[in-house]
Amino acid sequence: MPGGREPARAVPPHRSFGEEGARLSYGAYLRLPQVLAQQVPHSSAPDELLFITVHQVYELWFKLLLHELEAARDAMVGGELWRASHLLSRVHAVERVLVEQVDVLETMTPQDFMEFRAVLAPASGFQSVQFRELEFLSGAKDPAYLDRLRGASDAETTRLRRRLSEPTLWDAYLTALSQRGLSVSDDEIMESLLTVARDRGSHDDLWRLAEDLLTHDETAALWRMRHVQMVERQIGTKSGTGGSSGAPYLRGRALLHYFPLLWEMRSWL
């Protein structure tokens with residue numbers, strides 16, 4: 001402005017945040033001091049920090065997967081099949097990261113692991129409540145797991161019981177089929193699945209959603225198989241720190257299918 005000072009520029013309301021508002025920092029938003037204080041080794045072994053970090057990251061991914069799978073389930077029930085497919089595509093991307101993350105853990109040699117393995121007992125991946133929630137939500141409900149679980153808090157046990165009683169992804173898909181006028185009775189469900197597969201012109205959204213569910217099933221199985229291979233590479237046939245049979249137990253779980261009818265349907269096409 002000639003002969004005077006430039007007037008102060010008003011900051012639009014939608015811009016008065018972050019750096020301009022000086023209200024929140026990156027570290028505060030992510031609570032980084034609290035997060036980074038949680039990696040506390042129980043030994044002087046150099047690779048224990050790696051082991052703790054990788055498993056904590058797994059639990060963070062599990063938390064996100066539960067969030068996205070719940071939303072996908074609810075979208076199916078609500079008739080928003082496009083949204084369910086979108087959310088499941090995100091689930092697939094995360095699950096592929098889970099598989100690749102095993103590579104990081106395998107940079108630790110068996111000798112390195114044995115330096116601190118003894119301090120883990122009786123802690124075990126078998127006790128991951130969030131992982132069991134993922135299995136229950138996906139359709140692989142196992143009430144007996146609660147009797148075998150040790151060390152869970154009351155809140156964690158309550159969460160698992162809730163997962164056992166609430167609808168699964170498969171229940172939600174059956175709801176989507178019924179909303180399209182297709183039968184979901186035990187003796188007619190296979191015919192309904194075949195109708196969806198054979199009439200893509202009328203039911204392509206249901207077909208693509210079934211494929212998305214199958215990809216979730218497949219990538220979860222790939223992670224379980226990759227995990228058991230990693231365990232065999234690290235400890236061979238030793239028993240697990242939590243008292244399980246170790247690799248043999250995990251190898252049996254690798255055969256688990258969340259949606260067996262979607263796999264069986266292929267034989268009828």
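The values are calculated or read from the model by the stated rules, or taken from the named source; none is laboratory data. Predicted model only: the values in this text are computed from it and were never measured. Don't worry about glycine lacking a Cβ; one is built from the backbone with ideal geometry, like all the others, and counts go over all protein chains shown.
At-a-glance table
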{"quantity": "Residues (part of a helix (DSSP H, G or I), within 22 Å of GLU218 (Cβ to Cβ) and at pLDDT 90 or above) located in segment 105-146", "calculated": "LEU105, GLN130, PHE131, ARG132, GLU133, LEU134, GLU135, PHE136, LEU137, SER138"}
{"quantity": "Pairs, first free of Cβ contacts under 8 Å to residues at least 40 places away in the same chain and exposed (fewer than 12 other Cβ atoms within 10 Å of the Cβ) in segment 35-46, second of a type in the set (A, V, I, L, M, F, W, C) and outside any loop (DSSP other than H, G, I, E, B), C-beta under 9 Å, six or more apart", "calculated": "GLN38/ILE52; VAL40/ILE52"}
{"quantity": "Which numbered condition ASP187 misses (of (1) surrounded by fewer than 16 Cβ atoms within 10 Å (Cβ to Cβ); (2) under 22 Å from the mean Cα position of the chain (by Cα); (3) at pLDDT 95 or above; (4) acidic (Asp, Glu))", "calculated": "(2)"}
{"quantity": "Filtered residues of segment 202-220 (kept if among the acidic types (Asp, Glu) and over 22 Å from VAL99 (Cβ atoms))", "calculated": "ASP204, ASP205"}
{"quantity": "Filter pass, ALA144 being touching a residue at least 60 places away in the same chain (Cβ under 8 Å) and either surrounded by 13 or more Cβ atoms within 10 Å (Cβ to Cβ) or over 15 Å from LEU66 (Cβ atoms) (or both)", "calculated": "no"}
{"quantity": "Qualifying positions in segment 1-40 - within 21 Å of GLN111 (Cα to Cα) and either in contact with a Lys or Arg (Cβ under 8 Å, 6 or more places away or on another chain) or at pLDDT below 95 (or both)", "calculated": "none"}
